[in-house]
Amino acid sequence: MPQNNSATIRLGAEIGTEMSIELPSLNNRITLRLIGILKNEYLIFHLPKKILSSTTITDLSSGIILNVRSISRGSVFGFHTEILSTHTLSESVLFVSYPKSIQTQVIRKSLRVKCLFPASLTKDGLSLPGTVADISQGGCHFQAKKALFNSDQIPDFQVGNEMKIALSLPGIEGEKIINIKIINIALDVEKVEVGLAFNNPDETILKFIDDIIAMSFDISPL
């Protein structure tokens, strides 16, 4: 991922951008909203009450190094920063140092990341359960055990055919149904693999895909 190491680093994120923050003391990342920037000095994040209730003073102590990732203006970016201080007025805020180095990657529709989400392909009452092994903004790679693929499904599984995929995604309630088109299909002795293109997925799905793309990039230590 390209790095910007100049003395005047420009953080290409708008006020209001949500960023994923990795705290060393927590197993899970937290999401904070950027509410202020003083270039080359500090960033300010809003600290919601639910985040404060799940953390301690030690978790947010000055000097702690954070790993930050997000997507803004069509690019995924990541950087390391250091907690400067926290303040509580009518709302709580977190001050962190302005990044010295930022890694960025332009998101292309074809950019794929590995995953493992339960899914099933459906059409006219037929269903093939399996998993999505990778995903992008434009489509995904579906896999299923060959033993579950029967002869009745062969006419439906042809390149160019349109179907639906039901996706179970972490953090999203219920299955999400997306219209898809089959791009390619391959069978071997153990599994069937199908390349799929999404057809107008809703904003919830696109936001989720953006998030997992952002989380897939490793940020090297400064």
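Tabulated data for the structure shown
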read-out	value
Strands (runs of 3 or more DSSP E) contained entirely in the stretch 63-133, each with at least 1 residues that are outside the structural domain of Lys39 (by TED's automatic domain parsing), closer than 19 Å to Phe208 by Cβ and modelled with pLDDT of 80 or more	113-123
The stretch 155-170 residues that are in the same structural domain as Leu206 (by TED's automatic domain parsing) and closer than 19 Å to Pro201 by Cβ, paired with ones that are outside any loop (DSSP other than H, G, I, E, B) and acidic (Asp, Glu) (beta carbon under 9 Å, 6 or more apart)	Ala166/Glu175; Leu167/Glu175; Ser168/Glu175; Leu169/Glu175
Leading residue by the ranking (surrounded by the most Cβ atoms within 10 Å (Cβ to Cβ)) among those in the stretch 52-62 that are of a type outside the set (Asp, Glu) and part of a loop (DSSP other than H, G, I, E, B)	Leu60
Flag if His80 is farther than 30 Å from Asn200 by Cβ and either acidic (Asp, Glu) or crowded, with 18+ Cβ neighbours inside 10 Å (or both)	yes
Strands (runs of 3 or more DSSP E) contained in the stretch 135-196 and holding at least 3 residues surrounded by 13 or more Cβ atoms within 10 Å (Cβ to Cβ) and in contact with a His (Cβ under 7 Å, 6 or more places away or on another chain)	none
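The values are calculated or read from the model by the stated rules, or taken from the named source; none is laboratory data. Bear in mind that the values here come from a model prediction, so they are computed numbers and not experimental data. We place every Cβ from the backbone using ideal geometry, glycine too, and count neighbours over all the protein chains shown.
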